[in-house]
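Comments concern the structure below.
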Amino acid sequence: MRVESVSKANLESRVRIPIRVVVEVAPHLIPGQRIELSGDLVQTEERKVAALLIAGPDSIILREAPGSLLALEKVREALRNEVIDMGGDSAALIPGMVIGDTSQQSPALTNKMLEAGLSHLTAVSGANFAIVSAFLFAALGFVIKNRRIQVVVTFFALIVFVLLVRPTPSVLRAGLMAAVFLVAKLRGSRNAGVNSLATAISLLLLINPFQAFEAGFILSVLATTGLLFLAPEIAAKVPGPKLVGELISIPTAATIFCAPYLLVISDGMNLGAVILNILVAPVVPIVTILGFIATLLILPLREIARPILELADLGTSWIVYIATWSDFTPSLISSPIIILFLTIAIPIYRYLGRQVALLYLALLLTFATSDRLLFPGNNWKVGQCDVGQGDALLINLGSGTAMLFDAGPDPRLLDRCLELFKIKRLPLVVISHAHADHYEGISGVGSREVGELWNSREIDLLENVQNRIVRKGEKFQIGDSKVEVIWPNTGTETFDSVAGDGSTENNRSVVAVVEIANLKILITGDIEPGAQQEIAKDLASIDVIKVPHHGSRFQEPSLFNGASIFLISVGKNSYGHPDQGLISMLSSMGRVFRSDRDGAISLGWRLDDLGEPIFSARQLRKDWWRISWH
């Protein structure tokens, strides 16, 4: 949001700054509306905003958006309603591919598109604008012979399309990158495209320098660079019609240029992504153009728009089908260090020859896949997943079976963690509370067998899985492993709110004590100090604690007494998690592991002659052997 005024007590300041807003229940807002919010203003480390506002659920719309934007919003709403009426994953893809509206996509489809490397199809990019602009330019050619007029009309149509998609920074960037590509195509000169790209990059960075740190900006530049430099070379070497060369060269060039950066920022890449993108490439422009025409007609001529959407649905059905092929293609999970070592093979090959390079790669692969080095090891008992700013923790029950506590915010990251720890069955899944960073990733369990699902209140998460609302005293046992719920008592407990950090929902978190291999682990969700104090009264002999609320500064010190291992599940955030004062306190009491620095963590132990635990831990961290296939 752009802030225009800030008031406190009797003081009011006029400002013009961007801020990030976190609101528990998001109202339906569109760009251009002016609203009034009240909440806690928190300092943030995010570069592109001045502060973080944690607001209440109520908002007041003081002024509606301009009529032109409201009219375009009605078009978006009409398209959404039409695909809802059509039903199915394929129909839900159409608004995403045409106007970037992914609200109708199921979590399972979103996850599958991400795994297949096809998620860029629903993020409006320069390719979308290039397709729409080229279509309009060609269509205008039938009625307008003056090339300059064609360009002007196409340009204004592009502006309307930007407003329809919504003029976010990424969309504006995509429109400009599309213009770069079109300049190169229209002039038939690579130099024109390169000069335009350099100008576009410079202009965008002058307007907003912080884009240089954004993955979207970097990927957009890399993809456009690939289209300018590599795509023509690939197309020239593809036998057959020119169209075939274009279909193969464009996704291949963009993927090759983006792949190294994707490996660095996401630690993984589907190695079949290029092939899958080539397979869907023929239908992408068809779906985009049909969807664009249907969007233009959806309000004045709905009867004509519907059959056009059904034709587009045939194309998206093919894309959905191809996305399922990701289950049969390997994925590379690595780190920047392993990428560096693999890159070294290129100069070795060039200067020392093929045999030396092959020997180097063979030695690297042998060492990287050694059983002695592979994470998580054979004797792990607790697995702390690396799911970013969220929670997900595993208790090992042996033979590919584990209990899962929370599911993190991203299905891909949860699935990666379960693959990493080789988990095939989950007899018990506990979702501590109804915040997205604890349950949104639940679809990442995929086809794995799930027994029961516990939570603090009714949440519809997994089909065909027994849901139980649990309270203090509930127990679960499998083999020698025991789980006992120690919080909440009733689910209606209330405590004083914590400024900037607390909520009633946090204090509803299911808190459990797990006993495994003669040690006790306390798993805490996001409980705040009030609930922590109640729990600490009756808590004894805890060995390992999953620190509440990602290491927030609001903690009850007595909760940690006696424990010697502290696990903090946290990712990059603007909340100041984990708090450095808390880290210092816990470090004086034992060992602290935090997933934002240590990555995934596997914890094991054995008991000495006196029954005292001797802990061992592996951290995935940035270990250069971090490479695996699945």
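The values are calculated or read from the model by the stated rules, or taken from the named source; none is laboratory data. For clarity, every value in this text was computed on a predicted model and none was experimentally measured. Positions of Cβ are backbone-derived with ideal geometry, glycine not excepted, and every protein chain shown enters the neighbour counts.
Numbers below:
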item	result
Pair list, Cβ under 9 Å, 6 or more apart: segment 11-22 residue closer than 16 Å to residue 39 by Cα, other residue of a type in the set (Asp, Glu)	20/46
Helices (runs of 4 or more DSSP H) wholly inside segment 88-186 containing at least 3 residues that are at pLDDT below 80	107-115, 126-140, 147-165
Count of residues meeting criterion [of a type outside the set (D, E, K, R) and either without any contact (Cβ under 8 Å) to a residue 12 or more places away in the chain or within 15 Å of residue 574 (Cβ to Cβ) (or both)] in segment 30-51	8
Any pair with Cβ under 7 angstrom, 6 or more apart, that starts in segment 286-303 at a residue that is closer than 12 Å to residue 316 by Cβ and ends at one that is modelled with pLDDT under 90	287/97; 288/97; 288/98; 288/128; 288/131; 288/132; 291/97; 291/98
Meets criteria (β-branched (Val, Ile, Thr), modelled with pLDDT of 90 or more and surrounded by 22 or more Cβ atoms within 10 Å (Cβ to Cβ)) for residue 510	yes
Selected residue (criterion: surrounded by the fewest Cβ atoms within 10 Å (Cβ to Cβ)) from residues of segment 383-427 that are of a type in the set (Val, Ile, Thr) and in a strand (DSSP E or B)	401
Restricting segment 228-266 to residues that are of a type in the set (Phe, Trp, Tyr) and modelled with pLDDT of 80 or more, the residue that is nearest to residue 284 (Cα to Cα)	257
Hey, residue 54 touching a strand residue (DSSP E or B) at 6+ places or on another chain (Cβ under 8 Å), more than 30 Å from residue 280 (Cα to Cα) and touching a residue at least 60 places away in the same chain (Cβ under 8 Å) or not	yes
Exclusive hit being over 23 Å from residue 519 (Cα atoms) and not aliphatic (A, V, I, L, M), set 599, 562, 590	599
Residue satisfying all of: in segment 86-104; crowded, with 19+ Cβ neighbours inside 10 Å and polar (S, T, N, Q); nearest to residue 322 (Cα to Cα) among these	90
Residue 218 vs. criteria aliphatic (A, V, I, L, M), out of contact with any strand residue (DSSP E or B) (no Cβ under 8 Å at 6 or more places or on another chain) and under 22 Å from residue 284 (Cα atoms)	no
Checking residue 70 against (1) without any contact (Cβ under 8 Å) to a residue 40 or more places away in the chain; (2) under 30 Å from residue 290 (Cβ atoms); (3) exposed (fewer than 15 other Cβ atoms within 10 Å of the Cβ), the condition it does not meet	(1)
Sole exception among (1) in the same structural domain as residue 511 (by TED's automatic domain parsing); (2) assigned to a loop (DSSP other than H, G, I, E, B) for residue 377, by number	(1)
Segment 1-42 - residue that is part of a loop (DSSP other than H, G, I, E, B) and among the hydrophobic types (A, V, I, L, M, F, W, C) and, of those, farthest from residue 503 (Cα to Cα)	30
Condition check for residue 319: within 30 Å of residue 78 (Cβ to Cβ), surrounded by 21 or more Cβ atoms within 10 Å (Cβ to Cβ) and modelled with pLDDT of 85 or more	yes
Given (1) in contact with a Lys or Arg (Cβ under 9 Å, 6 or more places away or on another chain); (2) more than 21 Å from residue 416 (Cβ to Cβ); (3) at pLDDT below 80, number of the condition residue 621 does not satisfy	(2)
Inter-residue pairs, beta-carbon under 7 Å, first in the same structural domain as residue 98 (by TED's automatic domain parsing) and in segment 143-160, second aromatic (Phe, Trp, Tyr), 6+ apart	150/137; 154/137; 158/129
Counted residues, segment 401-449 - those being of a type in the set (Lys, Arg) and either in contact (Cβ under 8 Å) with a residue 40 or more places away in the chain or outside the structural domain of residue 469 (by TED's automatic domain parsing) (or both)	2
Residue 294, sole failed condition from (1) closer than 30 Å to residue 596 by Cβ; (2) modelled with pLDDT of 75 or more; (3) in contact with a Lys or Arg (Cβ under 9 Å, 6 or more places away or on another chain)	(1)
Tally, over segment 535-554, of residues that are at pLDDT 90 or above and more than 19 Å from residue 435 (Cα to Cα)	6
Conditions (1) surrounded by fewer than 18 Cβ atoms within 10 Å (Cβ to Cβ); (2) at pLDDT below 90; (3) closer than 19 Å to residue 528 by Cα; number of the one not met by residue 447	(3)
Given (1) on the phi > 0 side of the Ramachandran plot; (2) modelled with pLDDT under 75, number of the condition residue 373 does not satisfy	(1)
Qualifying residues in segment 73-85 (those that are among the aliphatic types (A, V, I, L, M) and either in contact with a Phe, Trp or Tyr (Cβ under 9 Å, 6 or more places away or on another chain) or surrounded by fewer than 19 Cβ atoms within 10 Å (Cβ to Cβ) (or both)) - the one farthest from residue 299 (Cα to Cα)	84
Matching residues in segment 478-495 - criterion: being buried (at least 19 other Cβ atoms within 10 Å of the Cβ) and among the polar types (S, T, N, Q)	481
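Residue by residue, here is whether (1) assigned to a loop (DSSP other than H, G, I, E, B); (2) farther than 30 Å from residue 419 by Cβ; (3) aromatic (Phe, Trp, Tyr); (4) in contact with a helix residue (DSSP H, G or I) (Cβ under 6 Å, 6 or more places away or on another chain) holds:
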| position | (1), (2), (3), (4) |
| --- | --- |
| 536 | no, yes, no, yes |
| 540 | yes, yes, no, no |
| 554 | yes, yes, yes, yes |
| 566 | no, no, yes, yes |
| 571 | yes, no, no, yes |
| 584 | no, yes, no, no |
| 592 | no, no, no, yes |
| 602 | no, no, no, no |
